[in-house]
Amino acid sequence: MATTSFASGANAAQPDAATQVEIYRRMNLIMQNDEASRKIIRSGRLMMPYYSQRGQEVIPSAISVNLNDDDKICTIYRGIHDMLAKGVPLRMLWAEIAGRVTGTCKGKGGPMHITHPASGAILTTGIVGSSMPIANGLAWAAKLDKSRQVTIANFGDGASNIGAFHESLNLASLWKLPVIFVCQNNRFAEHTRYENGTSVDQISKRAAGYGMPGVTVDGNDPFEMYAVANEAINRARDGEGPTLIEAMTFRFFGHVFGDDDFYMTKEEKSAAMAADPVPLFRAKLIATGVATEGQLVAIEQKIAADIQDAIEFALSSATPPLEELTRDVYAEGVA
């Protein structure tokens, strides 16, 4: 993978055993939550626009273990995995997905607009690429406050072709903002193959035009992803400015639930699923003695129970009353 000014090999940071298990826990949570989401849509119990993150579990899991509770993330409509990895409570997340008053946005945002500032999950946006300028604003505030907080801006490969990407990278570099731009390159922008919509072979190369480090990493390798995220986050905390990370991955399903993914070949999809990062990392943890089968089964069973509890909580919660349509639009009680 191409890299600029980043440590590699023996010099790269490595997660200890406990951190490896925690990365796996977050990966498995994302995987099981995605499976539950697709299942409940197919059952007809919930109807919603849904953008599966299956196949992209490593990226936010390996990044988030390097973050503090007060660090911020901004993400896009295919960003529930980012929210889960940052710690958004399952009950509140599912209630928002279901459009209930107990949700993160009182049921008025839905799966494309989950927000939970208490977890540092500041924004889920339905506008392609808009995570980046907003992340710059959060990073600018952190710099003014001298707080050492960092902000992660998540986006897809297609978003690297819009104006906000270039404007955001330019300003972040100019002001040395503590922000990390994470392109989760899953090879497809909506229904368009990467090579049919992007003029460079690696998005990370665009960092050179803005005077910041750019690195392309295997986004399905927890160790590579952890090491790159660790270095970029530490650079940002130390006042050295932004980094562009291009994390290579593959989304297992179409752009949106129900998409027939005609733009993927059967061969590449089969190959990606055969290299599913979740069971591969699970097997590695056992093979290296980091965890036992029993320990991982216990983690997986608890996650399954927590998701089922969250779904039941969501479906038993009330829907927003009619008067909520005009609330949270203007400040209330201000003279």
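The values are calculated or read from the model by the stated rules, or taken from the named source; none is laboratory data. Treat the numbers as computed from the prediction; the structure is a model and nothing was measured. A quick note on method: Cβ atoms are made from the backbone with ideal geometry, for glycine too, and the neighbour counts reach across all protein chains shown. Just the protein is used for accessible areas: all its heavy atoms, side chains included, with ligands, DNA and RNA removed. Shrake-Rupley method; radii C 1.70, N 1.55, O 1.52, S 1.80 Å.
Mind listing whichever residues of region 88-114 are within 17 Å of the chain's Cα centre (by Cα), open to solvent by 40 Å² or more (accessible area, probe 1.4 Å) and modelled with pLDDT of 95 or more?
Matches in region 88-114: Pro89 only.
Keeping to region 126-149, report how many residues are assigned to a loop (DSSP other than H, G, I, E, B), charged (D, E, K, R) and either closer than 30 Å to Leu322 by Cβ or out of contact with any helix residue (DSSP H, G or I) (no Cβ under 6 Å at 6 or more places or on another chain) (or both).
Number satisfying all stated conditions: 1.
Only one of these is aliphatic (A, V, I, L, M) and farther than 11 Å from Cys74 by Cβ: Ala153, Ala135, Ala139, Ala207. Name it.
Result of the check over Ala153, Ala135, Ala139, Ala207: Ala207.
Residues to consider are Asp82, Asp69; find the one that is within 24 Å of Asn234 (Cα to Cα), charged (D, E, K, R) and part of a helix (DSSP H, G or I).
It is Asp82.
Does any residue of region 28-44 turn out to be open to solvent by less than 10 Å² (accessible area, probe 1.4 Å), among the acidic types (Asp, Glu) and touching a residue at least 60 places away in the same chain (Cβ under 8 Å)?
no
State yes or no: is Val128 surrounded by fewer than 24 Cβ atoms within 10 Å (Cβ to Cβ) and in contact with a strand residue (DSSP E or B) (Cβ under 6 Å, 6 or more places away or on another chain)?
no
Just wondering, is there one or more residues in region 50-66 that are assigned to a helix (DSSP H, G or I) and at pLDDT below 95?
There is no residue in region 50-66 that is assigned to a helix (DSSP H, G or I) and at pLDDT below 95.
When region 115-125 is examined, which residues are found to be within 17 Å of Ala95 (Cα to Cα) and either open to solvent by 40 Å² or more (accessible area, probe 1.4 Å) or assigned to a loop (DSSP other than H, G, I, E, B) (or both)?
Thr115, Pro117, Ala118
Condition test on Ile63, is it open to solvent by less than 20 Å² (accessible area, probe 1.4 Å) and either more than 24 Å from Asn186 (Cα to Cα) or touching a strand residue (DSSP E or B) at 6+ places or on another chain (Cβ under 9 Å) (or both)?
Spelling it out, Ile63 is indeed open to solvent by less than 20 Å² (accessible area, probe 1.4 Å) and either more than 24 Å from Asn186 (Cα to Cα) or touching a strand residue (DSSP E or B) at 6+ places or on another chain (Cβ under 9 Å) (or both).
Matching residues to (1) in contact with a His (Cβ under 7 Å, 6 or more places away or on another chain); (2) more than 27 Å from Phe223 (Cβ to Cβ); (3) part of a helix (DSSP H, G or I); (4) of a type in the set (Gly, Ala, Ser):
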| residue | (1), (2), (3), (4) |
| --- | --- |
| Tyr263 | yes, yes, no, no |
| Glu267 | no, yes, yes, no |
| Met273 | no, no, yes, no |
| Leu280 | no, no, yes, no |
| Ala283 | no, no, yes, yes |
| Gly294 | no, no, yes, yes |
| Val297 | no, no, yes, no |
| Lys302 | no, no, yes, no |
| Ala318 | no, yes, no, yes |
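In this structure, does Arg251 turn out to be of a type in the set (Lys, Arg) and not in a helix (DSSP H, G or I)?
yes
Scan region 95-109 and give yes if some residue there is assigned to a loop (DSSP other than H, G, I, E, B), closer than 20 Å to Arg251 by Cβ and not basic (Lys, Arg), otherwise no.
No - not one qualifying residue is present in region 95-109.
On the basis of being within 30 Å of Pro178 (Cα to Cα), open to solvent by less than 10 Å² (accessible area, probe 1.4 Å), out of contact with any Cys (no Cβ under 6 Å at 6 or more places or on another chain) and not β-branched (Val, Ile, Thr), does Asp82 make the cut?
Yes; evaluated as a whole, the condition is true for this residue.
Has region 254-271 got at least one residue that is farther than 21 Å from Gly55 by Cα, open to solvent by less than 60 Å² (accessible area, probe 1.4 Å) and in contact (Cβ under 8 Å) with a residue 60 or more places away in the chain?
No, region 254-271 contains no residue that is farther than 21 Å from Gly55 by Cα, open to solvent by less than 60 Å² (accessible area, probe 1.4 Å) and in contact (Cβ under 8 Å) with a residue 60 or more places away in the chain.
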